[in-house]
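Single-structure report; data block below.
The values are calculated or read from the model by the stated rules, or taken from the named source; none is laboratory data. Since we're looking at a predicted model, the values are computed, not measured. Methodologically, a virtual Cβ is constructed for each residue, glycine included, from the backbone with ideal geometry; neighbour enumeration extends over all protein chains shown. What goes into the accessible areas is simple: the full protein's heavy atoms, side chains included, and nothing from ligands, DNA or RNA. Shrake-Rupley method; radii C 1.70, N 1.55, O 1.52, S 1.80 Å.
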Amino acid sequence: MPTTTLPSQYSWSSSYHLCQAEQAIGVFDSGVGGLTVVRKLVNILPHERVIYLGDTARVPYGNKTASTVSKYAQECVQFLIERNVKLIIIACNTASALALDDIQRIAPVPVVGVIAPAAESALRHSRSGRIGIIGTRATIHSAAYQHALQQLSARYDRQQELCIIAEPCPLFVPFAEEGWHYHPATRLVAEEYLAPLKYASIDTLILGCTHYPLLTDVIQDVLPNVRLINSGEEAVTVASVILHDRNIHALQRSMNRTVECYITDKSTAFLNVAERFLGFPLSIVEEVHVGK
Ligand code: DGL
């Protein structure tokens, strides 16, 4: 049983559907990135059934306005609710940054975003209070991580003041999808993007985009003594605590497929890279329409 305590925003008191252990966990992202979160989910909670939605028709979210991302995210949530999921993980930093509040207002089941769990973990691990954040332009400019870190830092008794350095790294998304994990071009771009973080002597870095775990090696190479926080992994830990607290965790492996995958545009791009992000092949991927 996990021992992590929940950030206060996850202590729901509103009316819920009566959830059952055998219902699936719903996960969505703008595209393929959220599969790194599903990978963690399958590792950490192997008995759970997962319904994944990748909004590939409208990817990327990272360069869109807050109102557009919020509308798309609400439509993804609606799709998952219709499939009777017991909990939803927003496996997209951009959607978590821009739409979590709107979604939590409408969703009848617990919704876990990636921001608060990752911020909490960064604060727990940082010794110096010098914390870096990297993500899409929309995530960084929303300042959602910066606010979460400031808000949650009150819980931590720290000698030094919190120092936050945030850098958008938009090119990391295509590099991760291209499979250029060790390519010299990726290394060069990583050095350029991460230079301000290195200069600021951060000791902890939040990977604030679900694509970035694929570039862990090159990021760690450029920032060798920095603790990397995988936002998706932290969200899965919080989801696990909620499932146990509410006693709706799956006790045995389901006879159905573990990961049911839906995308809004059946592009070959998704199918080609999905296995690399997930760590195992997807047997069936279905195209669906969400929204109006
Ligand atoms: N995976 C998304 C995230 O975590 C980034 C991709 C996009 O821009 O849609 O923010």
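Selection within region 171-192: residues that are crowded, with 18+ Cβ neighbours inside 10 Å and closer than 12 Å to Gly135 by Cα. The member of this set that is nearest to the ligand (Cβ to nearest atom) is Val173. Output yes when any residue across region 95-102 is open to solvent by 10 Å² or more (accessible area, probe 1.4 Å) and under 28 Å from Ser283 (Cα atoms), and no when none is. Checked region 95-102: no residue is open to solvent by 10 Å² or more (accessible area, probe 1.4 Å) and under 28 Å from Ser283 (Cα atoms). Just so you know, in region 97-117 the residues that are closer than 13 Å to Leu207 by Cβ and within 11 Å of the ligand (Cβ to nearest atom) include one that is nearest to the chain's Cα centre (by Cα), and it is Val114.
Scanning for something of a type in the set (D, E, K, R) and within 9 Å of Gly26 (Cα to Cα), does region 67-85 turn up at least one residue? Yes: one or more hits.
In region 193-212, the residue that is nearest to Ala118 (Cα to Cα) out of those that are open to solvent by less than 30 Å² (accessible area, probe 1.4 Å) and part of a helix (DSSP H, G or I) is Tyr212. Which residue is farthest from Ala122 (Cα to Cα), if the candidates are limited to region 167-177 and must be free of Cβ contacts under 8 Å to residues at least 40 places away in the same chain and in contact with a helix residue (DSSP H, G or I) (Cβ under 9 Å, 6 or more places away or on another chain)? Within region 167-177, the match that is farthest from Ala122 (Cα to Cα) is Leu171. The set of residues in region 271-291 being open to solvent by less than 60 Å² (accessible area, probe 1.4 Å) and under 15 Å from Leu214 (Cα atoms) consists of Val273, Ala274, Phe277, Leu278, Gly279. Does Glu82 meet the test of being among the acidic types (Asp, Glu), in contact with a strand residue (DSSP E or B) (Cβ under 7 Å, 6 or more places away or on another chain) and away from the ligand (no atom under 12 Å from the Cβ)? No, not satisfied. Of the residues Gly62, Gly34, the single one that is within 21 Å of Leu171 (Cα to Cα) and modelled with pLDDT of 95 or more is Gly34.
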